[in-house]
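The values are calculated or read from the model by the stated rules, or taken from the named source; none is laboratory data. Keep in mind that what you see is a predicted model, and the values were worked out from it rather than measured. Note: ideal-geometry Cβ built from the backbone for every residue, glycine included; neighbour counts use all protein chains shown. All accessible areas refer to the heavy atoms of the entire protein, side chains included, with ligands and DNA or RNA removed. Shrake-Rupley method; radii C 1.70, N 1.55, O 1.52, S 1.80 Å.
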Amino acid sequence: MAQLPLMQQLEAHDNEAEVRERLASRQYHSEQVPIIQEWLRRKEEARSAASSTKRDAREEETLSIAKEALSIAKEANRIASEDLAAAQSSATSAFEQARWAKWAAIIATVAAIIATVAAMVGK
């Protein structure tokens, strides 16, 4: 039962640096040292738990951001694929139109030659 009042005193005072300093300079009685060491261990454990909780929260936030970025990248990839398909279709269509335009130019040239020859023969 004697341990509880010392632990309560340490909690009330709550100056870890001073307690460590006093412990290092052996200002506590030997029977108090295990209680003080336990109090310091609990303080360290609480800090470690708080740090771990913060780290876990940061990791969750990072994971959430990464998932959102992946979702955005997938959508961008889908749009790019659709645009590529449309561009390929347009290119194929343009190629076909160019081929027909070439044939039209050949036919027009042949017709012009025939008309010129016919005009020359008719004179």
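Observations, loosely collected:
- Distance between region 34-54 and region 101-123 - C-alpha centres, whole angstrom: 99
- Under Stokes-Einstein, with the Kirkwood radius over Cα pairs as Rh, the value for region 15-68 at 20 °C and 1.002 mPa s is 159 µm²/s.
- Of the accessible area of region 45-116, computed with a 1.4 Å probe over protein heavy atoms only, carbon and sulfur atoms account for 65 percent.
- Extension gain, ALA108 back to ALA24 (0.36 nm per residue minus Cα-Cα distance, nm): 19.6 nm
- Cα convex hull of region 54-121 - mean projected area over all directions, nm²: 5.4
- Rounded FRET efficiency, nearest 0.05, which uses the C-beta distance separating SER48 from SER71 and R0 of 35 Å: 0.50
- Overall Cα dimensions of the chain, principal axis frame, Å, largest first: 136, 25, 18
- Of ALA98, ALA50, GLN37, farthest towards positive along the dipole that unit charges on Lys, Arg, Asp, Glu beta carbons give the chain: ALA98
- Take the chain with all the other protein chains still there, run a 1.4 Å probe, and you get 82 Å² of accessible area per residue.
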